[in-house]
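Structure first, commentary second.
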Amino acid sequence: MLTATIDAFHTPATTDFKVGDVVTLKAGGPRMTVTYAGPVALDAGHWLVCEWFDEYGELRREMFSPASVRAEPRSIPAGSVQWQRVGRAA
C-alpha cells in the first residue's frame with residue numbers, strides 16, 4: 001500500500017520564512033519585512049517578528065504566526081507607488 005503525500009502546488013512549509021523576507025497578512029495589510037523568525041519566550045512554536053511603516057511614517061513592529069502571512073516579492077512593480085506632492089511655503 002502506497003501512503004506517500006504529493007504536494008502538487010509545491011507549497012512551502014510555514015516555517016520557511018527568514019530574516020529579510022517580505023510578507024503580508026493573508027487577511028490583507030501593508031508589506032512587512034521579517035526581522036526575526038524562530039521561537040520566542042513564553043510562546044510555544046515558531047513566530048515571525050515583522051516591521052513596517054504605517055500611513056503616518058511611524059515604524060511598527062508586531063509578532064505573527066507564519067500561518068497568518070504569505071510571501072510577497074521583494075521588489076515593487078513600477079506604478080504601484082504614488083508620491084504625494086508637498087508644497088513649499090513662500
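Hey, with R₀ at 22 Å, roughly what FRET efficiency would LEU42 and ALA71 work out to, going by the Cβ-Cβ distance, to 0.05? List each step's numbers first, then the result.
On the way: r = 27 Å, r/R0 = 1.23.
With R0 = 22 Å, the Cβ-Cβ based efficiency is 0.25.
Peptide packing: for 54-64, 29-39, 68-78, the average count of neighbouring Cβ atoms within 10 Å per residue gives the ranking 29-39, 68-78, 54-64, highest mean first. Cα gyration tensor of region 15-72, axes a ≥ b ≥ c as square roots of the eigenvalues: rounded (a/c below 1.5), prolate (a/b > b/c) or oblate? Since a/c reaches 1.5 and a/b is larger than b/c, the shape of region 15-72 is classed as prolate. Backbone amide hydrogens, once placed in the peptide plane, bring PHE17 within less than 5 Å of nothing, excluding anything fewer than 5 places away on its chain.
The phi-based Karplus calculation (6.51 cos²θ - 1.76 cosθ + 1.60; θ = phi - 60°) puts the 3J(HN,Hα) values of region 45-53 at x, 9, 10, 10, 9, 10, 10, 7, 9 Hz, whole numbers, x for Gly and Pro.
For region 54-67, putting each phi into the Karplus relation 6.51 cos²θ - 1.76 cosθ + 1.60 with θ = phi - 60° gives couplings of 7, 5, 9, x, 7, 6, 10, 9, 8, 9, 10, 6, x, 6 Hz, in residue order, rounded to whole numbers and with x for Gly and Pro.
Throughout, read-outs are computed from the coordinates displayed, never taken from laboratory work. This is a predicted model, so every value here is computed, not measured. So basically every Cβ, Gly included, is an ideal-geometry build from the backbone, and we count neighbours across all protein chains shown.
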